[in-house]
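K.L.:
I have a structure here, written as structure tokens, and I will follow up with some questions on it.
We did not get these values from a lab; they are worked out from the coordinates using the rules stated. This structure is a prediction, so every number in the text was calculated from the model and none was measured. So basically every Cβ, Gly included, is an ideal-geometry build from the backbone, and we count neighbours across all protein chains shown.
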Amino acid sequence: MSKQLANQHALLTGAGGGIGVAVARAFAMQGARCTLVDIALSPTPDVERLIADFRGAVQYIASDITQTHTINPMVAQAVAAFGPIHTLFNNAAVFDMAPLLESNEAMYDKIFSVNVKGAFFVMQAVLRHMVDASTRGAVINMASQAGRRGEALVSHYCASKAAIVSYTQSAALAMAPHHIRVNGISPGVIDTPMWAHVDSLFAKYEGLPLGEKKKQVGLAVPLGYMGSAQDICGAAVFLASADASYITAQTINVDGGSVMG
């Protein structure tokens with residue numbers, strides 16, 4: 001059986017662990033060469049295992065996407081090693097929360113610098129490369145169910161992910177004449193290492209025991225449990241593949257039924 005992403009090059013940000021590295025493994029298993037990008041100077045153990053498992057087809061680049069002057073060199077380094085980029089999995093993000101009246105400018109700047117500014121300029125740089133290379137590529141922006149609604153304690157993060165949904169639509173329309181597809185994935189509550197941090201913040205602000213919020217949100221999902229990073233992989237491979245050749249400007253909910261429409 002032929003692999004869905006054979007002979008393609010995928011660039012993935014926020015790929016040091018969790019959803020990013022899970023999707024990178026799924027892409028590699030489907031034949032893609034993968035450039036993994038994250039802020040850490042050295043690859044994490046998860047990334048090292050991926051590099052070892054797909055020797056010669058996976059590379060790691062350390063990059064801080066909030067430093068926008070580093071984005072074009074990062075893209076150039078990826079292309080120099082693995083050729084033109086066919087897919088961008090635009091995943092880098094940070095999370096923080098506080099009551100609205102206690103939130104400050106530093107929290108706002110931290111979240112929007114990564115989740116919106118960094119994500120936009122990575123997308124722009126890769127799209128410019130795709131246009132210049134005449135690549136009929138695909139961009140997959142990572143949104144969130146938080147971008148579909150407001151939450152009292154999570155205002156900046158919700159707004160940042162709503163911006164990703166909007167940028168996905170605008171970029172898709174801008175790139176349609178170039179036959180480049182731009183879509184998004186909106187995960188629900190996904191059980192990744194980041195949830196320990198999220199759970200501790202809810203415990204602080206809602207007066208809950210550690211682990212209680214995680215239990216609550218899992219039970220609140222219509223399917224009855226939190227998703228895993230693996231649950232994102234199928235949608236990501238599909239959107240990167242020729243099977244999604246007539247799909248653009250969409251943000252697909254992968255959330256166990258939490259958000260409808």
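K.L.:
Could you give me the ³J(HN,Hα) list for segment 141-157, computed from phi with Karplus coefficients 6.51, -1.76, 1.60 and θ = phi - 60°, whole Hz, x at Gly and Pro?
P.N.:
Once rounded to whole Hz, the list reads 8, 8, 9, 5, 4, 5, x, 9, 7, x, 9, 4, 8, 10, 4, 5, 5.
K.L.:
May I pose another question? Against the longest alpha carbon principal axis of the chain, how many degrees, from 0 to 90 and to the nearest 10, is the axis of helix 71-82 turned?
P.N.:
50
K.L.:
In whole angstrom, how far apart do the alpha carbon centroids of segment 204-221 and segment 89-122 sit?
P.N.:
22
K.L.:
Right, next: Work out the charge dipole of the chain with +1 on the Cβ of Lys and Arg and -1 on the Cβ of Asp and Glu about the Cα centre, then indicate which of 198, 115, 210 is farthest towards its positive end.
P.N.:
Checking the options against the dipole of the chain, the answer is 115.
K.L.:
Considering only DSSP beta bridges with both partners in the chain, what is the antiparallel share in %, to the nearest 5?
P.N.:
Numbers: 0 of 27 bridges.
Counting only bridges with both partners in the chain, antiparallel ones make up about 0 percent.
K.L.:
Can I ask one more? Which cross-chain or sequence-distant (5 or more) residues have an amide H under 5 Å from the amide H of residue 255, H modelled 1.01 Å from N in plane?
P.N.:
Here 188 satisfy the definition.
K.L.:
State, as an integer percentage, the relative contact order of the chain based on alpha-carbon contacts under 8 Å between residues 6 or more apart. Display every interim value, and only then the final one.
P.N.:
On the way: 499 pairs, mean separation 49.4, N = 261.
So the answer I get is 19 percent.
K.L.:
Within 10 Å of each residue's Cβ, count the other Cβ atoms and sort 121, 89, 82 from fewest upward. Intermediate results must be reported in sequence, preceding the final value.
P.N.:
Working: 121 17, 89 30, 82 21.
Lowest to highest Cβ neighbour count: 121, 82, 89.
K.L.:
Something else: Under the rule of at least 5 residues apart or a separate chain, name every residue whose amide H is placed under 5 Å from the amide H of residue 141.
P.N.:
90, 183, 184, 185
K.L.:
Nearest 10 degrees, 0 to 90: what angle lies between the long axis of helix 18-29 and the longest principal axis of the chain (Cα atoms)?
P.N.:
For helix 18-29, the angle is close to 30 degrees.
K.L.:
So how far, in whole Å, is the C-alpha centre of segment 8-39 from the one of segment 59-76?
P.N.:
15
K.L.:
At a Cα cut-off below 13 Å, give the aspartates and glutamates reachable from residue 110, other chains included and same-chain residues fewer than 8 away excluded.
P.N.:
By straight Cα distance, residue 110 reaches 64, 96.
K.L.:
What list of ³J(HN,Hα) values in whole Hz, one per residue of segment 188-195 in order, does the Karplus curve 6.51 cos²θ - 1.76 cosθ + 1.60 (θ = phi - 60°) give from phi, with Gly and Pro shown as x?
P.N.:
x, 7, 10, 7, 10, x, 4, 5
K.L.:
Under 10 Å, Cα contacts only: if you run a Gaussian network model on the chain, which one of 20, 207, 150 comes out with the highest mean-square fluctuation?
P.N.:
Checking each option, the largest mean-square fluctuation is seen for 207.
K.L.:
Reachable lysines from residue 204, Cα under 16 Å, same-chain residues fewer than 8 places away excluded?
P.N.:
213, 214, 215
K.L.:
Residue-wise, which Karplus ³J(HN,Hα) couplings in Hz belong to segment 163-171, taking 6.51 cos²θ - 1.76 cosθ + 1.60, θ = phi - 60°, and x for glycine or proline?
P.N.:
Using θ = phi - 60°, the values come out as 4, 5, 4, 5, 4, 4, 5, 5, 5 Hz.
K.L.:
Something else: How long are the three semi-axes of the equivalent ellipsoid of the chain, in whole Å, if each is the root of 5 times an eigenvalue of the C-alpha gyration tensor, listed from largest down?
P.N.:
Details: eigenvalues 169, 74, 71 Å².
Each semi-axis is √(5λ); the values are 29, 19, 19 Å.
K.L.:
Which one of 165, 221, 23 has the biggest mean-square fluctuation once the chain is modelled by GNM with Cα springs under 10 Å?
P.N.:
Of 165, 221, 23, the Gaussian network model singles out 221 as fluctuating most.
K.L.:
Can you give me the distance in nm between label points at residue 208 and residue 179, each placed 7 Å from the Cα along the Cα-to-Cβ direction?
P.N.:
4.8
K.L.:
Please list the three semi-axes, largest first and in whole Å, of the ellipsoid equivalent to segment 167-261, using sqrt of 5 times the eigenvalues of its alpha carbon gyration tensor.
P.N.:
Values: eigenvalues 214, 38, 24 Å².
Each semi-axis is the square root of five times an eigenvalue, giving 33, 14, 11 Å.
K.L.:
In degrees, nearest 10, range 0 to 90: what is the angle between the Cα axis of helix 119-132 and the longest Cα principal axis of the chain?
P.N.:
10
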